[in-house]
Each structure stands twice: as structure tokens, then as C-alpha cells.
Ligand code: GDP
């Protein structure tokens, strides 16, 4: 096709950096995100940075749960320009109950920033999210936050990354003191010192130095700290891993940055280095092989559907990660799953405000498509060929409940709600195979049940009751002849929506026993 179009796409792809910040709640993700946006003078912000703290979303019932729980349930996208780059930050909910949603969002990112509290080190949620990123092999950058507080030593933290997460690290900068003694960070790459000015973070002060032995540091931080810095960095020079961009890109080595988000300290150094080192949008795996972002055929996939962003309109927004080509408002594309041609006329980027309508977008960007109920999580859109992207991980449900409807007359609405919420990927549904016609829901986190009940009531006018069951594992069984009598002890046999047999087990022992008794069956963690 035309040379100019491919040049244009290439130029735009080169500029883009799309990443997610992963962390345990309270590590400072909201704070860091806000500081990053300040540097960029955000051009488009989705509300979620502040959603928890401000009352921006007070009108949305959907946010009620967030407000009550004080956690961030939804994830959205923020976009800004900085030093010639176009940056997309994907916000992921930190709460563990929403892990599935978070995991799917991570597939839309090309790299991740792992935020760690200097005092707490690697925490539970950090580990889970790290593992998802690791599986995808994306580069992971580490920001050690809250340096203005006493915490673990940098060496201790590096050790922890290696021991707990199994990743080697390379410090890009190094703290000079910590907590009340914090006087700055030494930038190992650029040979400069960023001074810590306490609360006065309005101006960022950076001084060039010859190396870490420079007398400027001694004058600034005193003999004790200067000696300590020299000792530590000499050790690091000798014993530490050298910086290796190939290993970073492969996700085998994580560059570490130290700073304090709330003081806007070390954030700029981090951002500038990150933008240089982080990958531009990467090729994505599909049924047609890898699709390069520079491919002129527009394509993308839906990784998230969010309902009721505005309850007055009962709207649903499908979040699409653009994988290749150039998006134009009003363009016609193929909805690959149902084979239909659709027009993308009301794309948003990102809150439902008129001026946020996008006209053009490129690979790495996330656009929100108005969804009248035609999209499902994982759907692929493509301008020309029937590409299907294979990016979304599925997770085995771990919590189960029987569901009953309080008012039998509402059965039709209930069925509609159940269908839509399963399509969104909010819950998984199973049906009993016995005499009783029971519907069983499976989720990864308890909060998903609460969201289900809430949305059934608010959006479909149906009061449901959930009766928690004692099962903990689901396994899809691939077998010609299944004998239900073999799934009696601490287990039950159900069917999923497509009629596949699924065994639910109360404990690991019951599952092992069933596996031993059925050596010819395969037990899969997710649907085949
Ligand atoms: P999130 O749950 O990860 O989004 O964390 P927040 O950004 O809400 O931060 C949690 C708490 O840590 C808040 O009280 C922040 O003010 C505080 N915080 C964030 N960054 C720093 C920092 O660099 N130093 C200190 N002392 N506190 C911080």
C-alpha cells in the first residue's frame, strides 16, 4: 500500500510506550501515576486515578462498591505526551479479588513497572502480578518507593527480588542515605545526583558529577554518607550484574530505580530512563502468526468490557488494544467472531465526555468502543483478514456458589443478566448434572460475587441469593465416557455453558483421588 501510510504508522509506533504499574495496595501506585501525569501534562485522563479518593464518580452506582470498600475496582487508561513519546498507562486494580480483570489488562501492556514499598519489600500481590508479566515475557522495571522512610537496604531488596521472584536486577540509580538521612540519589547511567529537598518538591535539582567519588557528593551529603556510597557502589560495580538491554527486553533482568513518589523525587529520572528503555508496541500472536504493529491492516482485540460507566445510559464500553494499522473514527471493520462488518463510530479515549472522542489512534493505544452488547472479552476486530488474537489468559475459578432468584417472575431478566455477565467474563456459570436444575457460579475472587449481586439488582432489577459452596477447584474433564458415580466423594460433576463436563472438588485430596481413578481422562484447569 502507500508508502506514506506505512511511514506514518511506523513513526507513531516508535513513539508509543504502553505499560501497566503493578503493585501491592498502598505501595503508592496512585501517587506515582499522578506524578507521571504531571510531567506529561496529561492530554487524556480516565477517572480511575482519583476514583478512590475523590468523588468524581459519585454519581455512578457502579462505583458504590469502590467507595464502600475504599478500593479500586475498575481499570482504565491514561495517556500523555512526554519528550516526544506518547505514553499510555494502564491502571490495574490492586485488590486481589479482582485479579482476573487485572490479568487481562496486563495483556494489553508492552511492559510493566513494578512498584515496591522500600519498607515492605515484595508483597503477596506483587508476586502474583509479577508472575503474570513473567509468563508473557514482558520487560519489568522496578521502582522502589517511599525512600523518605526507613526501609530495607538496597542490597537486601535486590536479594529479595532474586529470592522471591527469581529475577536478577540492575540498579540504575542508588540512594544516598534513606529515611530522615536521605539526601539524594546517584544516577549510575548519567553520572549525576538528584538532590532530595525534603518537602519542597516544587523544583527538582540535578547536579552533574564526575562519578560517585566526586567531592561534590561529599560536600553535599557529608563524609559518612559519601564513604558509604563509594563502598556500596564499588561493591556493585564488581559483584552486580552489568546492564544488558537484551536481558531487560526479555524480562530476565529488571532495572531498579529508587525514589519517593509523594515527594516527586526520582520520578523524572525514572520516567526518562524508562521511556528510553521500555519497548514500543510489540508484535502480537494470532491465528495468522505474529502480527507486526506496522502491518497496515488495522486490528485489535477486546481485553475488557466495563458496564455502567454511566448508569443513566446503561452503557457498556469495550476496551480495545490496537495491535496493528491505523484506526480512524467511522471506519468499517470485521467483527471476526460473528463475521459481521461493523462501523466504529463512537470511539472514546477515555472518559465518556464529548471531547474525548478519538479520530485516529495507532498500535499501543487503547480505545473504548461503545458496546450495544455485541462484544465479548477476547473478540478480535480486523480491517481486512480474519485475524484472531490469542492473548487472553483464562483462570480456573476457585470460589463457587449456588444462585437462586428471589422473585420467580423475574426469570427472564435474570437469564439475560446471567448471559451478559458471563460474556463480559465477570463470572463463569455451571449447571448441575443431577436431578435438580441448579445454577452454580464460579469466580476467582469473592468481590466478583458482590459485583454480580450488585449489578443484577441495579442493571436487571433482579434480587439474587448466593449460597456459598465448599468447592475449591474446577477441572474440565476430557474423556469419552464419564462415569458420574466416580465424582461423589467431596466432589460433583457439572456442565459448563457449552456442555463440557467439569468436576468441582472440595480439596486437593479429592482431586488427586479422582485423577488416580480416571487415568485415561485429562483434567484441565480451564475450558478446552
Ligand atoms: P496505592 O494503593 O498503591 O495506589 O497507594 P497510594 O498512592 O494511595 O499511596 C498509599 C499511601 O502511601 C498514601 O498515604 C500516600 O500518600 C503514601 N505514599 C505514596 N508515596 C509515598 C512516598 O514516597 N513516601 C511516603 N512516605 N509515603 C508515600
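Here, each number is a calculation from the coordinates, and none is a lab measurement. Bear in mind the structure is a predicted one, so any value in this text is a computation, not a measurement. Counting neighbours? That spans all protein chains shown, and the Cβs are built from the backbone with ideal geometry, glycine included.
Some points to look at:
- Crossing angle, helix 446-460 versus the chain [Cα axis fit, 0-90 degrees, rounded to tens]: 60
- Peptides 244-252, 376-384, 117-125 ranked from most to least packed give 376-384, 117-125, 244-252, packing being the mean of other C-beta atoms within 10 angstrom over each peptide's residues.
- Packing around the peptides 493-505, 164-176, taken as the average count of other Cβ atoms within 10 Å per residue, puts them in this order, highest first: 164-176, 493-505.
- 25 °C / 0.890 mPa s Stokes-Einstein diffusion coefficient of the range 156-249, Kirkwood radius on C-alpha pairs, µm²/s: 170
- Label zone at residue 227 (point 7 Å along Cα-to-Cβ), backbone N below 18 Å, the range 149-179: 176-178
- A simple spin-label model places the labels of residue 127 and residue 423 3.9 nm from each other, with each point 7 Å out along Cα-to-Cβ.
- Panel order for 24, 411, by other beta carbons found within 10 Å of each beta carbon, from fewest to most: 411, 24.
- The range 399-524: equivalent-ellipsoid semi-axes (sqrt of 5 x gyration tensor eigenvalues, Cα, Å): 29, 14, 12
- Paramagnetic label reach from residue 288 (point 7 Å along Cα→Cβ; backbone nitrogen cut-off under 16 Å): within the range 369-404, residues 380-391.
- Between residue 7 and residue 168, the FRET efficiency estimated from the beta carbon spacing at R0 = 30 angstrom works out to 0.20.
- Of all DSSP beta bridges confined to the chain, the antiparallel ones make up roughly 75%.
- Additional length obtainable on full extension of the chain from residue 207 to residue 500, 0.36 nm per residue less Cα span: 99.0 nm
- Simple spin-label estimate for residue 340 and residue 234 gives 7.2 nm between the two label positions (7 Å along the Cα-to-Cβ direction from each Cα).
- When peptides 25-33, 456-464 are ranked by their average number of other Cβ atoms within 10 Å per residue, the highest-first order is 25-33, 456-464.
- Reference-scaled alpha-carbon Rg (2.2 N^0.38 Å with N residues) for the range 126-198: 1.24
- Dividing the mean sequence gap of close Cα pairs (under 8 Å, 6+ apart) by how many residues the chain holds gives a relative contact order of 13 percent.
- Using a simple spin-label model with pseudo-atoms 7 Å out from Cα toward Cβ, residue 374 and residue 479 lie 4.3 nm apart.
- Size descriptors for the chain (Cα atoms only): Rg and Dmax, in that order, 25.2, 83 Å.
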